[in-house]
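Single-structure report; data block below.
The values are calculated or read from the model by the stated rules, or taken from the named source; none is laboratory data. None of the values given here were measured: they were computed from a predicted structure. Virtual Cβ from ideal backbone geometry, glycine too; neighbours counted across all protein chains shown. Ligands, DNA and RNA are stripped out before the accessible areas are found, and what is left, the full protein with its side chains, is counted by its heavy atoms. Shrake-Rupley method; radii C 1.70, N 1.55, O 1.52, S 1.80 Å.
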Amino acid sequence: MIYNSFDNPGLVKILTFLQTHNTEYLSGQDLSDVLRISRVAVWKHIKKIKELGYTIESKQKLGYKLISNSNLLLPWEITSNLKTKIIGQQAYYFDTIDSTQNQALKMADDTSHNGSVIVASKQTGGRGRAGRKWISPKGGIWISIILQPKFDISITTLFPIASALALSIAIEKTFSIKPELKWPNDLTIKGKKVAGMLVDVSLESNRIENLVLGVGINFDVNVKQIEKSLKGTPNFYGVATLSEQKKKVKPIQLVQTFLVELEKIYKLLNAKQTKRIIFEWTSRSSTIGKNVELNTVDTKIKGKAIRIDEDGALMVSENSKEHRIIAGDIIHMSK
Ligand code: BTN
């Protein structure tokens, strides 16, 4: 099942009408007259709307009434009243896909897709950082965003870090909790991973052609099941899910808030205002001030994380030496 935000005008017209008149019953004839859609089409659209997870009460002689909205991240819900200029103004929804990131990469060269969002309910081949798999069952938010930025290549490494900041702000605004930021792009709650970012960049002669930002959010997932499949794999340090929070939030609220925050950050990056991003990221970071360890095939660094650089590199002090870590997975040791 694939939907986009612009190819279903009849369905969206009926749905919007039901959503804005949800205290009354609307007859098929009234919907047909007001919206200038045939009775048969009204009936077909209502059937589809129900299949998509909206609850509609139908009463003989009275008509239809919308009782509740769908929990799916349907594309017209993402674009509806979204307060952004570019990001999320077009959306594509897949019921099941291998990876929204792979799908977005296929679309990224087309300039009409700048800001487009690809969402899936479930991924069968979700990709994580460093070639790892990303477990993406139903209940999570799996989303990729295509961008054709104006900023310089030097900003590329800061971009996922800045995007993690945008998500942390969005979660704070919706759930009233403040997830911590673990370098480079992880969001954690009580030390366990709740979300991660992945960026694929396409460069052409020293210029960014496009970026695809992949965001995985454990919104309402079975933590035990995911932990079971990930235990013992690199960079595994526990899984958290937002559904454990007291406050109940609809996935669409979080996605829309995130897209708005992401666009604000994107504007700052385009205006080269990196200092503000670094300051905000640092204030939410659980990495800075901690003793950290980095193990790669040819290096082993152990020291105190002191700050991040202009390009997002992590500065670690080890005895009197300072190391600049551009990429990799760190382990938090202690304060
Ligand atoms: C990480 O390793 O922390 C990054 C995880 C990114 C996962 C997201 S889910 C949506 C998008 N599609 C993918 O295949 N991966 C990213």
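Would you mind stating whether Ala327 is among the aliphatic types (A, V, I, L, M), open to solvent by 60 Å² or more (accessible area, probe 1.4 Å), closer than 29 Å to Ile153 by Cβ and not assigned by TED's automatic domain parsing to the domain that holds Thr156? Against the criterion (among the aliphatic types (A, V, I, L, M), open to solvent by 60 Å² or more (accessible area, probe 1.4 Å), closer than 29 Å to Ile153 by Cβ and not assigned by TED's automatic domain parsing to the domain that holds Thr156), Ala327 qualifies. Scanning the stretch 94-117 for residues that are within 19 Å of Tyr54 (Cβ to Cβ) and within 13 Å of the ligand (Cβ to nearest atom) yields one hit, Phe94.
Would a scan of the stretch 288-297 turn up a residue that is within 28 Å of Ile86 (Cβ to Cβ) and without any contact (Cβ under 8 Å) to a residue 60 or more places away in the chain? No - not one qualifying residue is present in the stretch 288-297. Checking Glu172, Glu180, Glu244 one by one, the residue that is away from the ligand (no atom under 13 Å from the Cβ), open to solvent by 20 Å² or more (accessible area, probe 1.4 Å) and touching a strand residue (DSSP E or B) at 6+ places or on another chain (Cβ under 7 Å) is Glu180 and no other. Of the candidates Lys264, Lys246, Lys193, the single residue that is of a type in the set (Lys, Arg), part of a loop (DSSP other than H, G, I, E, B) and within 20 Å of Phe175 (Cβ to Cβ) is Lys246. For the stretch 126-141, the set of residues classified as touching a Lys or Arg at 6+ places or on another chain (Cβ under 9 Å), in a loop (DSSP other than H, G, I, E, B) and near the ligand (Cβ under 7 Å from one of its atoms) consists of Gly126, Trp134, listed by residue number.
Here the stretch 285-309 is the region considered, the condition is being at pLDDT 95 or above and part of a loop (DSSP other than H, G, I, E, B), and the residue that is surrounded by the fewest Cβ atoms within 10 Å (Cβ to Cβ) is Gly289. Of the residues screened, Ala41 is not one that is within 16 Å of the ligand (Cβ to nearest atom), open to solvent by less than 70 Å² (accessible area, probe 1.4 Å) and not polar (S, T, N, Q).
The condition (being under 19 Å from Tyr237 (Cα atoms), aliphatic (A, V, I, L, M) and over 24 Å from the mean Cα position of the chain (by Cα)) is satisfied by just one residue among Val292, Val297: Val292. Inspect all residues belonging to the stretch 76-90 and state whether any of them is open to solvent by less than 60 Å² (accessible area, probe 1.4 Å), aliphatic (A, V, I, L, M) and either modelled with pLDDT under 95 or part of a loop (DSSP other than H, G, I, E, B) (or both). Yes, the stretch 76-90 has at least one match. Among the residues of this structure, Asn185 counts as one that is under 19 Å from Thr282 (Cα atoms), touching a helix residue (DSSP H, G or I) at 6+ places or on another chain (Cβ under 7 Å) and not aliphatic (A, V, I, L, M). Evaluation of Ile86 against the conditions (1) more than 16 Å from the ligand (Cβ to nearest atom); (2) touching a Phe, Trp or Tyr at 6+ places or on another chain (Cβ under 9 Å); (3) free of Cβ contacts under 8 Å to residues at least 40 places away in the same chain shows that the sole unmet condition is (3). Checking each residue in the stretch 100-139 for being open to solvent by less than 20 Å² (accessible area, probe 1.4 Å) and touching a residue at least 40 places away in the same chain (Cβ under 8 Å) picks out Thr100, Gln101, Ala104, Ala108, Val117, Val119, Ser121, Gly126, Gly128, Ser136.
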